[in-house]
Amino acid sequence: MSGPDTGIDDDGLVRLQKLLAQSGVASRRRCEELMLAGLVEVDGEVVTRLGTKVDPRTAVIRVEGRRLPPVSAHVYLVLNKPRGVVSTMSDPEGRRTLSDFVAERPERLFHVGRLDTDTEGLILLTNDGDFAQRVAHPSYELDKTYVAEVEGQVPKATVRRLLAGVTLEDGPVEVSAAKLVSAQPHRSIVELTIHEGRNRIVRRLLDEVGHPVRKLTRTAIGPVVLRGLRSGQLRDLSRDELGTLLDAARL
């Protein structure tokens, strides 16, 4: 759509300060100040000339170093997947799937990676196929944080062992961060951040160190956190979350 209401020309270009303001960066005046201060980049170059026009669909724009997602028809959603829901959009066995939570939406959505059926927590959904493939691909693996309720009292020595790296039958697992949230005689809560997504990796890891998982929740993928989403609830990715993920996936 072009014309005076949108600020988009017939050739699809829009004034940079108008685009920044419409994207919720700040007021138009403040966006102009940011440009004049050399804090806005387009495609890797600082732009200080007010009135500079850009293509809102393709320009890679950064404000104070943070990526501003392009204008697009794509949607990027966060779901707090309940336990027992299969991480697919359909299931021949008739079990509950991710599509049950987005049935009202018009877009054809893909899930980004998977969560075990018996694991709850954060999963991303989008209609951007390139994004879904990139973010889930092993070479772009983002840190994922899990909170696990496990059997037994986890000693601090076990946390140190996890951080030192544990080797499973299919190779070593690198743990970026590990924290003992609580430890009682028969039950402990551990928070782990890992970089990879091998099948049932967190469960196998904790089993290996002698503390089988009772309950597992994924609480973060890269910059995206559950932020108090109730089980089964959805929200849109924030502008900053999406910008960081696009950078991580080199899109």
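Starting from the Kirkwood radius over alpha-carbon pairs of the stretch 1-137, derive D by Stokes-Einstein at 10 °C in a medium of 1.306 mPa s and give it in µm² s⁻¹.
91
I'd like the per residue volume of the convex hull spanned by the Cα atoms of the stretch 76-152, given in cubic angstrom.
113
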**Item:** Per residue Cα convex hull volume in Å³ - calculated over the stretch 107-202
**Value:** 109
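Per DSSP H run of n ≥ 4, the term is -39500 (n - 2.57); total these for the chain, divide by its residue number, and report the mean residue ellipticity at 222 nm rounded to 500 deg cm²/dmol.
-5500 deg cm²/dmol
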**Asked** Hey, if you put +1 on the Cβ of every Lys and Arg and -1 on every Asp and Glu Cβ in the stretch 51-201, which of V112, L68, G165 ends up farthest toward the positive end of that dipole?
**Response** L68
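For the chain, compute Rh as the Kirkwood radius over C-alpha pairs and then the Stokes-Einstein diffusion coefficient at 37 °C and 0.692 mPa s; write the answer in µm²/s, rounded to an integer.
161
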**Fill in**
With Cα springs under 10 Å, the Gaussian network model of the chain assigns the largest mean-square fluctuation among P172, P138, P82 to P172
**Complete:** antiparallel share of DSSP beta bridges within the chain, to nearest 5, in %, is 95
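Every number in this text was worked out from the coordinates using simple rules, so none of it is lab data. For clarity, every value in this text was computed on a predicted model and none was experimentally measured. A quick note on method: Cβ atoms are made from the backbone with ideal geometry, for glycine too, and the neighbour counts reach across all protein chains shown.
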